[in-house]
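Let me begin by presenting the structure, written as structure tokens, before commenting on it.
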Amino acid sequence: MLDSLIVPLLVTTDLPPDADLAEFGRLLADAVREPGRGGVPYAGFLHGAVFWLDPPGVSVGREGGVRPVVEELRFAALLGYLSVSGAGGRVKDVVAGAGEAVTEAVAARYGDLGSPPAVMAIRAEDVRERTPPSAVVVSTAGAVAELVAAARPYM
């Protein structure tokens, strides 16, 4: 059996208004496949759900018509569980490593959005209670099978 640690996680960031949530979720899930700090990678598996935290912006024209505002950033989030092995068992280190991996992936995909994503450990109850039914479910593809099995009770 693999020695693993499971961390309930919240990731929030601004995204371009036309960003695809499923693509964003896959980006996050893939980013934490091998997170790490100081050049010491470890195996990771993320199972979670992504969703918008704000409605799309709209503007009202002179004639009273409503149209989407396409230039404003939107606020997106992921709630989920990050399972890792080989990280030394410290939640603080796991979250910091995931934060570095997520920040790098988001910057590479979307460019400079003004501020880096926020990545933080949260309570498991928050993941269950605050994930909206409309959220898009994502998981790390090709993760270590033992990590997927360890996370299964949380999925």
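Could you list, in sequence order, the residues of the stretch 111-134 that are hydrophobic (A, V, I, L, M, F, W, C), under 21 Å from Glu23 (Cβ atoms) and under 12 Å from the mean Cα position of the chain (by Cα)?
Residues satisfying the conditions are Ala118, Val119.
Check every one of the strands (runs of 3 or more DSSP E) wholly within the stretch 69-155 and list those with 1 or more residues that are at pLDDT 90 or above and touching a Ser or Thr at 6+ places or on another chain (Cβ under 6 Å).
In the stretch 69-155, the matching strands (runs of 3 or more DSSP E) lie at 74-85, 118-121.
Regarding Gly65, is this residue more than 21 Å from Ala143 (Cα to Cα), surrounded by fewer than 12 Cβ atoms within 10 Å (Cβ to Cβ) and modelled with pLDDT under 90?
yes
So how many residues does the stretch 135-155 have that are within 15 Å of the chain's Cα centre (by Cα) and open to solvent by less than 30 Å² (accessible area, probe 1.4 Å)?
The qualifying residues number 3.
Residue by residue through the stretch 5-34, note down the ones that are hydroxyl-bearing (Ser, Thr, Tyr) and crowded, with 21+ Cβ neighbours inside 10 Å.
Thr13
The values are calculated or read from the model by the stated rules, or taken from the named source; none is laboratory data. Treat the numbers as computed from the prediction; the structure is a model and nothing was measured. Heads up, the Cβs are rebuilt from the backbone with ideal geometry, glycines too, and the neighbour counts pull from every protein chain shown. To get the accessible areas, we keep the full protein, side chains included, count just its heavy atoms, and leave off ligands, DNA and RNA. Shrake-Rupley method; radii C 1.70, N 1.55, O 1.52, S 1.80 Å.
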